[in-house]
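The values are calculated or read from the model by the stated rules, or taken from the named source; none is laboratory data. Everything numeric in this text was worked out from a predicted model, so none of it was measured. Here the Cβ is made from the backbone with ideal geometry for all residues, glycine too, and neighbour counts use every protein chain on show. All accessible areas refer to the heavy atoms of the entire protein, side chains included, with ligands and DNA or RNA removed. Shrake-Rupley method; radii C 1.70, N 1.55, O 1.52, S 1.80 Å.
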Amino acid sequence: MIESDRELSTIAQELWDSDVNRLKPGKDYRISLQGKAGDSMAGLYDDDNDGAGYPLFTFVDENTFKKETFLAFISLLDNYESDTGEPEIVTPEEVAENHKFLDAIIQTTTMKIAHKYLVEKRLSPVDDTKFKEQLYRIWFELYARRGSSRPDSSGFEHVFVGETRGRRTVIGFHNWIQLYLQEKLGHIDYKGYTVSANSPQPDENKHILALQFSWKNGIKPKGSIFIGVSPEFEMALYTVCFLSSPNERVKVQFSLYDVEIVCHHYNQKHIGTTYPVLLKYQKPH
């Protein structure tokens, strides 16, 4: 493992250990993996390809969603026009909600650990207000995604909310809370888990899952998400990887996971996309 990754692994472990709002699998939520999703793209739009007849989530303790950071996060999920190419109209109320969310996560120990690390590395300003401005730019400033002439996307929308391209393909959408809420509304059809030759078999009691699903009329052939973690954990980890690694893929080890964090930059100023890819499970000591 290269040195910088070791350093990022240390910080990832600290972020993980500090995530007091994380849900416990089997207790605060339960998922049902069912079968493996079909591989053929051809079958994606028919039901023969469905490796799962039931929803992914069988139970989530929604009391968690009353916690401040979860509440502020969920309020952002309905602020976006999912189709790329449709310009985003950001209302003053939505801007206020973005700030409220950042204010909430900046107060958490998890985000404070990330901030302190970034300050030590001279990648972020010491001042909380300026740090919040930096987070706003990275995550919420709009930009034009491929094929669009007008600002129609943001890092937050892409990663946490999900977008559609040509109304048939789902892009982004790497967040379990959005997945759960959309599934509950009947907008998501979980098609099964995905595994490649080298990836470990998924486990219902672990916090990372690769999966296939349809959303509205579009398909996400292969997505990868953290499950059960708090919004502040994801924001902290992804922001650290985005700012500290010029590589668009960084390997980190924390808890029971060897993970590659994929983090594509957009114009070096914004997050294009970011998500975890599980490489292997560590044996618990």
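Summarising the amide proton neighbourhood of TYR257: residues at separation of 5 or more, or on other chains, whose placed amide H is nearer than 5 Å comprise GLN282. Near LEU76: Cβ cut-off under 10 Å, other residues only, Lys/Arg at +1 and Asp/Glu at -1. The net charge is -3. With the alpha-carbon atoms of the range 180-260 aligned to their principal axes, the span from lowest to highest coordinate is 38, 28, 24 Å, starting with the largest. Over the chain, Cα pairs under 8 Å with separation of 6+ residues give a relative contact order of 23 percent.
Oblate is the label for the range 120-187. Its Cα gyration tensor axes, ordered a ≥ b ≥ c, give a/c of at least 1.5 and b/c at or above a/b. The sum of -39500 (n - 2.57) across all DSSP H runs of n ≥ 4, divided by the residue count of the chain, sets its helix-only mean residue ellipticity at 222 nm to -9500 deg cm²/dmol. For THR273, the amide hydrogen comes within under 5 Å of the amide hydrogens of HIS264, counting only partners 5 or more places away or on other chains and with H modelled in the peptide plane. Of the residues THR58, THR108, THR273, the one that moves most in a GNM of the chain with alpha-carbon contacts below 10 Å is THR58.
Given the choices [x] 27, 23, 19; [y] 37, 22, 16; [z] 31, 26, 18, semi-axes √(5λ) of the Cα gyration tensor in Å derived from the coordinates of this structure is entry [x].
Taking the 1.4 Å solvent-accessible surface of the range 139-285 as the whole, the part contributed by carbon and sulfur is 48%. For the residues LEU77, LEU243, LEU185, a GNM of the chain with alpha-carbon springs under 10 Å puts the largest fluctuation on LEU185.
Of all the options THR239, THR274, THR129, the one that moves most in a Gaussian network model of the chain with Cα springs shorter than 10 angstrom is THR129. Per residue, the accessible area of the chain comes to 46 Å² when a 1.4 Å probe rolls over the protein heavy atoms. Positive contributions from Lys and Arg (+1) and negative ones from Asp and Glu (-1), summed over other residues with Cβ under 14 Å from the Cβ of GLU248, come out at 0.
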